[in-house]
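Read through the structure below, which is laid out as structure tokens, and then see the notes.
The values are calculated or read from the model by the stated rules, or taken from the named source; none is laboratory data. Since the structure is predicted, the reported quantities are computational estimates derived from the model, not experimental observations. Because the Cβ atoms are built from the backbone with ideal geometry, glycine has one as well, and the counts that use them run over all protein chains shown.
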Amino acid sequence: MVDAAETHAGEGVDWAVRPLPRDVVVVDRPTPSARRADPALGELLAVLSQPSYEETLHVVTAPPTRHSLDPGFVIAAETAAAVLQALGYVVVREPIIVGAGHSENVVADLAGMAEAPRGLVVVSAHLDSVNHADGPDAPAPGADDNASGAAGLLELARALVTRRWPHDLQLILFGGEEQGLFGSKAHVAALGEADRGRIRAVLNMDMIARLNTPAPGVLLEGAEVSRTLVDELAAAAATWTSLAVSTSLHPYASDHVPFIDAGIPAVLTIEGNDTANGDVHTARDTLFTLYPPLALEILRMNLAVLATYLEADGRADGNGAGADDAGADGADPASHGDQPGAPA
């Protein structure tokens, strides 16, 4: 997660301060209604494993730092690419420019079974970490920010490959996020008009495993173009988890933003009250501070919605149209954060 308060030489940030209109809800706390639980979907969600997730967390955090320009990031990218290839995904390592240096995105594809043209569902998380307190060469375990999301993507990859889907699936581990969303900006900029048009949904995970509230919670952050996806996620949370849901329609400082700026429905899923985590971007962001059961709840919610968007029954499309029973009761337009200008 990019922190606008932490600006360093050679490292860009992606943020802005704007006046907050009167009577705008900053973060909404809807009361979504649970839907009928589909047994077949329940079987898919049961594939998710906390021991598997925790094992992957240890692997991702093994390098002392995953700074985008450090060899530790290359090790993490190579490891993730090998895992995805072993699962059966077609993997490409996409070179990117980060400031004056070079890094990469790891892009993994699973082709759908339906006849063309098929839709595309994207899952993303940033793989890099950073230590702003002590400098780019200092230890940066980045356990919550964002090994938690990267390990979540790999756990979803393991579950999703157990079924064949009508639509195409793409998983992306971005580099250069902490320096200013370099990886996601480059990826979106390289998309052709046809590729942009077939994206049904983008689900981004950033910081999903730190328990900052008495009860497990999640913030669903999108924009007007993402409203249906936000509603789908809120309904899935009510149906399959015990998560307390907050929503925002002002995107901020993570890899969902470049997709939204391009008119593509994208949502960030992030732990509730993430700003209470004072250990991000320091050497203190370690595995010992995480609460993996929270991440598993968020992954269950995400997987339920991904399965919906990967199906071919027309429940969702790239214009944000979703299931006819979609909706989170009480949802209102919301801007980002608990106060104007606050990071996610």
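Checking the conditions here, which among Gly42, Gly10 is exposed (fewer than 13 other Cβ atoms within 10 Å of the Cβ) and either at pLDDT below 95 or not polar (S, T, N, Q) (or both)?
Gly10
Could you count how many residues in the range 213-234 are assigned to a loop (DSSP other than H, G, I, E, B) and touching a strand residue (DSSP E or B) at 6+ places or on another chain (Cβ under 6 Å)? Break it down into steps so the answer makes sense when it comes.
So the first thing to find is which residues in the range 213-234 are assigned to a loop (DSSP other than H, G, I, E, B), and the list is 213-216, 222-223.
Next, from what is left, pick out any that are touching a strand residue (DSSP E or B) at 6+ places or on another chain (Cβ under 6 Å): 215, 222.
Total meeting the criteria: 2.
Considering each residue of the range 118-157, count those that are over 11 Å from Leu57 (Cβ atoms) and out of contact with any Ser or Thr (no Cβ under 9 Å at 6 or more places or on another chain), and give that number.
Qualifying residue count for the region: 9.
Residues Ala237, Ala209, Ala223: which one is crowded, with 22+ Cβ neighbours inside 10 Å, of a type in the set (A, V, I, L, M, F, W, C) and closer than 19 Å to Leu44 by Cβ?
Ala237
May I ask you to say which residue of Val27, Val47 is within 24 Å of Leu233 (Cα to Cα), surrounded by 17 or more Cβ atoms within 10 Å (Cβ to Cβ) and among the β-branched types (Val, Ile, Thr)?
The unique qualifying residue is Val27.
Identify the single condition in (1) in contact with a helix residue (DSSP H, G or I) (Cβ under 9 Å, 6 or more places away or on another chain); (2) assigned to a helix (DSSP H, G or I); (3) modelled with pLDDT under 95 that Gly318 does not satisfy, given that it satisfies every other one.
All conditions pass for Gly318, except number (2).
Search the range 37-58 for residues being touching a residue at least 40 places away in the same chain (Cβ under 8 Å) and hydrophobic (A, V, I, L, M, F, W, C), and hand back the single one that is farthest from Ala157 (Cα to Cα).
Ala37
In this structure, is Ile172 among the β-branched types (Val, Ile, Thr), closer than 25 Å to Tyr53 by Cβ, buried (at least 18 other Cβ atoms within 10 Å of the Cβ) and touching a residue at least 24 places away in the same chain (Cβ under 8 Å)? It would help to see each step written out before you state the result.
Values: among the β-branched types (Val, Ile, Thr): yes; closer than 25 Å to Tyr53 by Cβ: yes; buried (at least 18 other Cβ atoms within 10 Å of the Cβ): yes; touching a residue at least 24 places away in the same chain (Cβ under 8 Å): yes.
Answer is yes for this residue.
Residues that are hydroxyl-bearing (Ser, Thr, Tyr) and out of contact with any strand residue (DSSP E or B) (no Cβ under 9 Å at 6 or more places or on another chain): does the range 270-281 have at least one?
Among the residues of the range 270-281, at least one is hydroxyl-bearing (Ser, Thr, Tyr) and out of contact with any strand residue (DSSP E or B) (no Cβ under 9 Å at 6 or more places or on another chain), which makes the answer yes.
Does at least one position in the range 179-192 carry a residue that is in a helix (DSSP H, G or I), among the aliphatic types (A, V, I, L, M), surrounded by fewer than 24 Cβ atoms within 10 Å (Cβ to Cβ) and under 16 Å from the mean Cα position of the chain (by Cα)? Can you show your working first?
Keep residues of the range 179-192 that are in a helix (DSSP H, G or I), which gives 182-189.
Pick out the ones that are also among the aliphatic types (A, V, I, L, M) and you get 186, 188-189.
So of that shortlist, the ones also surrounded by fewer than 24 Cβ atoms within 10 Å (Cβ to Cβ) come out as 186, 188-189.
Now restrict to residues that are under 16 Å from the mean Cα position of the chain (by Cα): 188.
Yes; the residues of the range 179-192 include at least one that is in a helix (DSSP H, G or I), among the aliphatic types (A, V, I, L, M), surrounded by fewer than 24 Cβ atoms within 10 Å (Cβ to Cβ) and under 16 Å from the mean Cα position of the chain (by Cα).
So, of the residues in the range 240-252 that are small (Gly, Ala, Ser) and in contact with a Leu (Cβ under 8 Å, 6 or more places away or on another chain), which turns out to be surrounded by the fewest Cβ atoms within 10 Å (Cβ to Cβ)?
Ser246
When the range 120-132 is examined, which residues are found to be surrounded by 24 or more Cβ atoms within 10 Å (Cβ to Cβ) and either in contact with a Pro (Cβ under 8 Å, 6 or more places away or on another chain) or free of Cβ contacts under 8 Å to residues at least 12 places away in the same chain (or both)?
Matches in the range 120-132: Ser129, Val130.
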